[in-house]
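All remarks here apply to the structure that follows.
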Amino acid sequence: MDKGNSETVPKMEFEEVLNQQVGEFGKYQLRNILLVLLPAIFMGFVAGDYIFTAGKLPHRCAVPICDDLAHEYAPEWILNAVPETSTGFDDCFRYANKTDLPDSLPSGTCPASLFNRNIVINCESYIYERTNTVVYDFGLECQEWLRALAGTLNSLGGMIALPLAGLISDYFGRRISVVIFGFNVAIVGCLKAFSINYTMYATLQFMHTAIGGGLYSAGYILATEIVGSRFRIYISAVMSSAFAFGQALLGLIASAELEWRHLTLILFVPVFITGSYYWLLMESHRWLLSKNETKKAKDTLQRAAKLNGKEISESSLNFLLTAIPKQNKTGKNIQNRNLIYRVLKSRVMLQRCCTTPVYWITTTFIYYGLSINAVNLSGSIYLNYILTTLIEIPGYWTAVLILDRVGRKATLFSGYIICGICCIAFAFTPKSFYGLSLFLYLLGKYCTGLIFTSLYLYTTELYPTRHRHSFLGFSSMLGRIGSVLAPLTPPLMVYWAGIPSVLFGAMSTIAALLILTQPETRGRKIPDTFEDAENIT
């Protein structure tokens, strides 16, 4: 995507000279992209570790007169003492004891005659099926909304990370940003493993993304800036695939190490390796040129050309070092202040600025919602999570294959509609139909991968070059509202298991209809000015 630095002076000539003298894709690009794939994988850990470390634990009320030393979670007599629910038996309530209780019972028995089944009381203590998350350590039984807060804070931290990442990346550079955010991810992740209470754990969950969430975007921007324009959509899919692979790897590691403190250390101690990127990773030559870092830019361009088997001429090097104009900061600030006024005066652009955030909110809501709720599917929670994350990867590459063939609108409309149908159908599919339920769930998640890749491209094509990054940042930052709300959907299953899926389906359908109000951008010139953007109809 364009970053809005070099849209004046001979832009095409600059691109042509750069591609010819340095190369669009070679050993220089491959070396750096392979390096930034590792931070993308690490960010997959950050995005979903709370799903397992703060996961819901199967538990029930302890029944003092009946529970023997074995403390079996689901004995044969359980429904005599605990109310039955649609999913088995109640987590947080049991029947009150009758007053005339025997002193002891035969081992393994607990007749219904011991309880007054007309009176239901809260648990005094609990029996767990397993004890490997913060729910057990910090006493979060029957506090689903409080438990879900960890995921919400994780997403709220992401809203802080977006402007912070842009500031640090634009001021200090892409390479330094990877090092800084990588260190933050590692140190906060390790501290989380030593949390002494839920307040500390939840606070660190917020800080993890707030000061570490820029790791992915720093690597993503560097990767897209060092390749030629025709390779950027492929690099976008590669980076997204690495992120999805990281989430799947998280599920695999979580299945092998069940204890949440050990799991956290296993995930985040290796992230300290990004500190070596200060010496291993090369800075984006575009960023160096935009900052007028002439000597460093010259060294980087020469080294890049050499790695790609090329020799850059002196005249071409001089041209590249002086081609990008230096923007006047005062003028830029004035333009940004006028931008809001211009949007409010333009019906076309105002409508566009109101609809694109809805696409982003919807997509992040469904994307993270399906990932989080995957552990509530029938079968292995780990296998379900792994499958739900891996299915995104074909979605990313499907978008690469069809966007230029069928268009942006058709791709997005189809993705939203199919996703909506799958989510609503899943809500009404009986749990006994495990194969069908899993198919619908995975197809819905596949569509979110398709939508995400398409939405990045479509959003950038709807807005003018000079302000493209601002509009994209505006839409994606509001989109974080969806990821903030997503962790709050599992507690809604207490009222009806299908509520989250119906919400996902309804939002997806609304987004599909809104897509129809926007223009097609396939084959059209990317707008350079505000007027160009208004004329896309």
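The values are calculated or read from the model by the stated rules, or taken from the named source; none is laboratory data. Since we're looking at a predicted model, the values are computed, not measured. Cβ placement follows ideal geometry from the backbone for every residue including glycine, while neighbour counts extend to all protein chains displayed. Surface accessibility is based on the protein's heavy atoms, side chains included, excluding ligands, DNA and RNA. Shrake-Rupley method; radii C 1.70, N 1.55, O 1.52, S 1.80 Å.
The table below lists the values:
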read-out: Any chance TYR368 is at pLDDT below 90, out of contact with any strand residue (DSSP E or B) (no Cβ under 7 Å at 6 or more places or on another chain) and at negative phi; value: yes
read-out: Residue match in region 471-492 (condition: open to solvent by 50 Å² or more (accessible area, probe 1.4 Å), more than 25 Å from GLY157 (Cα to Cα) and at pLDDT below 85); value: no
read-out: Residue selected from region 109-137 under the condition open to solvent by less than 40 Å² (accessible area, probe 1.4 Å) and assigned to a strand (DSSP E or B), by the criterion farthest from LEU485 (Cα to Cα); value: PHE115
read-out: Residue count, region 489-524 (criterion: in a loop (DSSP other than H, G, I, E, B) and closer than 28 Å to ARG408 by Cβ); value: 9
read-out: Matching residues, region 271-301, being polar (S, T, N, Q), surrounded by 15 or more Cβ atoms within 10 Å (Cβ to Cβ) and assigned to a helix (DSSP H, G or I); value: THR274, SER290, THR300
read-out: Condition check for ILE221: touching a residue at least 60 places away in the same chain (Cβ under 8 Å), in a helix (DSSP H, G or I) and closer than 26 Å to LEU156 by Cβ; value: yes
read-out: Residue in region 247-269 that is of a type in the set (Ser, Thr, Tyr), open to solvent by 60 Å² or more (accessible area, probe 1.4 Å), outside any loop (DSSP other than H, G, I, E, B) and closer than 30 Å to CYS190 by Cβ present; value: no
read-out: Unmet requirement for PHE433, which otherwise passes all of (1) free of Cβ contacts under 8 Å to residues at least 24 places away in the same chain; (2) open to solvent by 50 Å² or more (accessible area, probe 1.4 Å); (3) touching a helix residue (DSSP H, G or I) at 6+ places or on another chain (Cβ under 8 Å); value: (3)
read-out: Positions within region 344-365 being of a type in the set (A, V, I, L, M), surrounded by 20 or more Cβ atoms within 10 Å (Cβ to Cβ) and at pLDDT below 85, in sequence order; value: MET349
read-out: Residue satisfying all of: in region 508-531; at pLDDT 90 or above and open to solvent by less than 60 Å² (accessible area, probe 1.4 Å); nearest to the chain's Cα centre (by Cα) among these; value: SER508
